[in-house]
Amino acid sequence: MIRLAAVAAALCLASAPALAEPGGSSLALTFVTGTDTGVVMVALYDSAAAYDGGQPVRTARVELGEGARAATFDGLPAGDYAAKTFHDVDGDGAMGRNPFGMPTEPFAFTNNAVGNMGPASWDRARVAVDGAVAQTIVLR
């Protein structure tokens, strides 16, 4: 849970749109949410070490109220990537939590991977990106 809080903090601090680099591969993420309010915060990682507590290589902020439903990361070097996302329903810039530290706002990972008492593992969430890759992620 502490790692999920760190991801939320990193997303809030680095919520600039994903910047494109010339050439390379791309990863397009489309989000299915239960409501059209708030924003989906996305952190993209390029290694297990970064995914487990380091800095994301890219971040994105998807404004649901403006009709956006996707984030595209262009110009990625070929390799493995994984994304951690959460739906900031109330738009306060942080993942809501109950008194026990459990998330109260929807969250998800690439491959719709599910964790066990915490975030999904790198091995479950990683996606091989070489060319154009697209995924639909359901936030629950």
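The values are calculated or read from the model by the stated rules, or taken from the named source; none is laboratory data. As the structure is a prediction and not an experimental result, all values here were calculated from the model. No Cβ is skipped: glycine too gets one built from the backbone with ideal geometry, and neighbour counts run over all protein chains shown.
Values computed for the structure shown
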read-out: Residue match in region 72-86 (condition: of a type in the set (Phe, Trp, Tyr) and under 14 Å from residue 28 (Cβ atoms)); value: yes
read-out: Where a residue in region 91-113 is within 15 Å of residue 37 (Cβ to Cβ) and its partner, wherever it lies, is assigned to a loop (DSSP other than H, G, I, E, B) and among the aliphatic types (A, V, I, L, M), with Cβ under 7 Å and at least six apart; value: 105/89; 105/95; 106/139
read-out: Residue, surrounded by the fewest Cβ atoms within 10 Å (Cβ to Cβ), within region 81-90, restricted to residues that are farther than 18 Å from residue 114 by Cα and within 16 Å of the chain's Cα centre (by Cα); value: 89
read-out: Strands (runs of 3 or more DSSP E) within region 31-99 that include 3 or more residues closer than 19 Å to residue 124 by Cα; value: 39-45, 79-88
read-out: Test: residue 59 is buried (at least 19 other Cβ atoms within 10 Å of the Cβ), modelled with pLDDT of 95 or more, closer than 19 Å to residue 136 by Cα and polar (S, T, N, Q); value: yes
read-out: All positions within region 7-30 that are surrounded by 15 or more Cβ atoms within 10 Å (Cβ to Cβ) and either in a helix (DSSP H, G or I) or at pLDDT 50 or above (or both); value: 7, 8, 10, 11, 12, 24, 25, 26, 27, 29
read-out: Top-ranked residue in region 113-129 [being of a type in the set (A, V, I, L, M, F, W, C) and at pLDDT 90 or above; ranked as surrounded by the fewest Cβ atoms within 10 Å (Cβ to Cβ)]; value: 128
read-out: Candidates 132, 78, 108 - the one that is aliphatic (A, V, I, L, M) and surrounded by 16 or more Cβ atoms within 10 Å (Cβ to Cβ); value: 108
read-out: Residue count for region 40-59, restricted to those that are of a type in the set (S, T, N, Q) and closer than 17 Å to residue 95 by Cα; value: 1
